[in-house]
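This report concerns only the one structure given below.
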Amino acid sequence: MSRPTSVGYVEEILKADLSVQLASLRLKNPVLVASGTYGWGQEYRDLLDPNLLGGLITKAVTLHPREGNPPPRVAETRCGMLNAIGLANVGVDVFVREKLPFLQSLKTAVIVNVAGSTTEEYVQVVKKLEGQPGIEALEINISCPNVKEGGMALGSDPREAFRLLSAVRKATKRLLIAKLSPNVTDIAAIAQSAADAGVEAVSLVNTLLGMAIDVQTHRPLLSTVVGGLSGPAIKPVALAMVWKVAQKVSLPVIGVGGIMTAEDAVEFILAGACAVQVGTANFVDPHAPLNIIQGLEKACAQRGLREIRELVGKMVLENDAHEIR
Amino acid sequence: MSALIQQKVKILAKEELAAEVFLMQVHCPQIVSMGQPGQFLHLRVGEDPDPLLRRPLSIFRTDPEKGTVSLLFRVVGRGTHVMSRMRVGETIDLIGPLGRGFSATQGTRTALVVAGGLGVAPLFFLTESLVQKGVCVRFLLGAQSKKQLLCCTMLRSLGADLLISTDDGSAGFHGLITQLLEELLAKESFDHSRTMIFSTGPEAMMAGVASLARRFSIPAQFSLERRMACGVGACLGCVVLCRTRSGGREYRRVCADGPVFDLEEVVF
């Protein structure tokens, strides 16, 4: 101990509290990494300490191993990228045996993303994960655009979504988050179905349907022709959907879609998201989640806020301009 | 698991070797000490969100004394275009060293290195390290014409025996590099327990090299190139179909399981 602690103490009380409450789950900060962009949590560990994250959402886990779609599976577009991975994963049994132990060693909230082709498959995956320690929540993927059965097909209709999520709800006591697709007419209606089914939170949005063609060869850039668009290109769309759902549905919303910077995260929080997920930005800069966490601290300091929670849903509209702080 | 770094490094030199082909030198002692032949770096070409993704480039050469790493690239798209416009003194953000590089089996005395066009990029570093280990390197360099032949002088200065082929006959052997390789394999009887083939280039060329390697029973390794997103094995975007030991097929990641694959694995 070389210096008096007073300076440290001042910094301590000025440093904003970034923790957020997601239903019953306390996150140390609101920055999670999105499913499919962070593997099983080990791949980036030399570049970023995963314990700094508010939470880590795994690649989708299915009942059986899936090899995924044929290549090419990724393509770059203006300010974005297309993917057609197709839920390639090791299957729930291998996940529990080989991938989960590392995740259990982390001091961050581990959320397992669950996908399937049928309701029964989702239920079986959830049951196989039941009793496994070190999993804080399950994110139910009813929005993958890259599979023929299940995924988005189950999450595009409010009644289908309700049926699926109700079945999953009965299978587990764990905290459930439904990950929603933007490729629907009314995302708030799907979110309401999730609420009715007893799900505790929603994350939105998954990727937007998109495609690109090589004009030299006249061939699609993805083997599946159509895939999922992510990255900064989709941020305004995601933001609008987060705002809409936050207005209409009384569930905590996790915002995801093109978040690259702390400013982007602040926008989602102002629109009503209580946490955010960083996805494609991990590919561009593995430090992005940490930069966003630090940027959120700064954003609080600049606004004189002691808690990030005070910023949630605080977008200022013309008719309540008197609430400007 | 090998260590990995992310760092902003300074561009020390940039040279246009041929039309639209650049050699860029950056200062990064850590990559010099960790990087192996065949490994790559994942480069962010700017702060702008467009082009968005990083670009994977093989380590072309390292200089332990100066702590520098050289990268060879051709302008093929928006990312490499931006890189070609970067200036000496500017910084570039890199992640590396990434992937599984080349590995010559112990007892290898002769290496037949087969490079088509820009395929020389990962093979130069390999050649340098093989020569240092006392391996005799026969470097087969192919291009469409004399103008597109890259790094001939540098390769000779490494101590490699350079054999050239051009499609149009403007330099060296007139024909395909695979024909040159076939002639060489037929003419000299290489001891297949002490010889290895290493190859990078257009897929059709590597397919030809692979079938010659099988015909002459010489172990071979190939460096593949695919569009990538994460570069660290997380996203599964860059997979290629590979043979498994049990005779099945599975997708493997070029970024983490490769980019160098064995003859037994590759499916061209």
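The values are calculated or read from the model by the stated rules, or taken from the named source; none is laboratory data. All values derive from a computational prediction rather than experimental measurement. Cβ atoms come from the backbone with ideal geometry, glycine included; neighbour counts cover every protein chain shown. Keep in mind that these areas ignore ligands, DNA and RNA; they rest on the heavy atoms of the full protein, side chains included. Shrake-Rupley method; radii C 1.70, N 1.55, O 1.52, S 1.80 Å.
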Legend entry - Residue list for the range A:138-168, filter: in contact with a helix residue (DSSP H, G or I) (Cβ under 9 Å, 6 or more places away or on another chain) and either acidic (Asp, Glu) or assigned to a loop (DSSP other than H, G, I, E, B) (or both): A:Ile142, A:Ser143, A:Cys144, A:Pro145, A:Asn146, A:Val147, A:Gly150, A:Ser156, A:Asp157, A:Glu160
Legend entry - Test: residue in the range A:16-33 that is within 14 Å of another protein chain (Cβ to nearest Cβ) and either buried (at least 22 other Cβ atoms within 10 Å of the Cβ) or acidic (Asp, Glu) (or both): yes
Legend entry - Residue that is least open to solvent (accessible area, probe 1.4 Å), among those in the range B:235-256 that are part of a strand (DSSP E or B) and not β-branched (Val, Ile, Thr): B:Cys242
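So which residues in the range A:284-307 are β-branched (Val, Ile, Thr) and either touching a helix residue (DSSP H, G or I) at 6+ places or on another chain (Cβ under 6 Å) or part of a loop (DSSP other than H, G, I, E, B) (or both)? Give the derivation first.
First pass over the range A:284-307, keeping only residues β-branched (Val, Ile, Thr): A:284, A:292-293.
Correct list: A:Ile292 only.
Suppose we filter A:Ile135, A:Ile111 for residues that are away from chain B (no Cβ under 14 Å), in a strand (DSSP E or B), in contact with a strand residue (DSSP E or B) (Cβ under 6 Å, 6 or more places away or on another chain) and not polar (S, T, N, Q); which single one remains? Walk me through it before giving the result.
On the way: A:Ile135 fails: in a strand (DSSP E or B).
Going through A:Ile135, A:Ile111 in turn, the sole match is A:Ile111.
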Legend entry - Filter result (outside any loop (DSSP other than H, G, I, E, B) and open to solvent by 10 Å² or more (accessible area, probe 1.4 Å)) within the range A:51-63: A:Asn51, A:Leu52
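Out of everything in the range A:69-103 that is open to solvent by less than 20 Å² (accessible area, probe 1.4 Å) and assigned to a loop (DSSP other than H, G, I, E, B), what residue ends up being nearest to A:Lys148 (Cα to Cα)?
First, the residues of the range A:69-103 that are open to solvent by less than 20 Å² (accessible area, probe 1.4 Å): A:73-75, A:80-82, A:84-89, A:91-92, A:95, A:100, A:103.
Subsequent filtering for residues that are assigned to a loop (DSSP other than H, G, I, E, B) retains A:73, A:84-88, A:91.
Working: A:Arg73: 15, A:Ala84: 12, A:Ile85: 12, A:Gly86: 9, A:Leu87: 11, A:Ala88: 13, A:Gly91: 18 Å.
Of everything passing the filter in the range A:69-103, A:Gly86 is nearest to A:Lys148 (Cα to Cα).
Can you report the number of residues in the range B:236-267 which are among the acidic types (Asp, Glu) and within 19 Å of B:Leu126 (Cβ to Cβ)?
Within the range B:236-267, the subset among the acidic types (Asp, Glu) is B:250, B:257, B:262, B:264-265.
Pick out the ones that are also within 19 Å of B:Leu126 (Cβ to Cβ) and you get B:257, B:262, B:265.
Selection size over the range B:236-267: 3.
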Inset, instruction - Kindly list the number of the only condition in (1) open to solvent by less than 40 Å² (accessible area, probe 1.4 Å); (2) more than 10 Å from chain A (Cβ to nearest Cβ); (3) in contact (Cβ under 8 Å) with a residue 24 or more places away in the chain that fails for B:Glu265. - result: (3)
Legend entry - Subset of the range B:12-49 [within 24 Å of A:Asn282 (Cα to Cα), open to solvent by less than 20 Å² (accessible area, probe 1.4 Å) and in a strand (DSSP E or B)]: B:Val26, B:Phe40, B:Leu41, B:His42, B:Leu43
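Can you confirm whether A:Pro286 is in contact with a Phe, Trp or Tyr (Cβ under 6 Å, 6 or more places away or on another chain), within 14 Å of chain B (Cβ to nearest Cβ) and under 30 Å from A:Gly86 (Cβ atoms)?
Numbers: in contact with a Phe, Trp or Tyr (Cβ under 6 Å, 6 or more places away or on another chain): yes; within 14 Å of chain B (Cβ to nearest Cβ): yes; under 30 Å from A:Gly86 (Cβ atoms): yes.
Yes: the conditions hold for A:Pro286.
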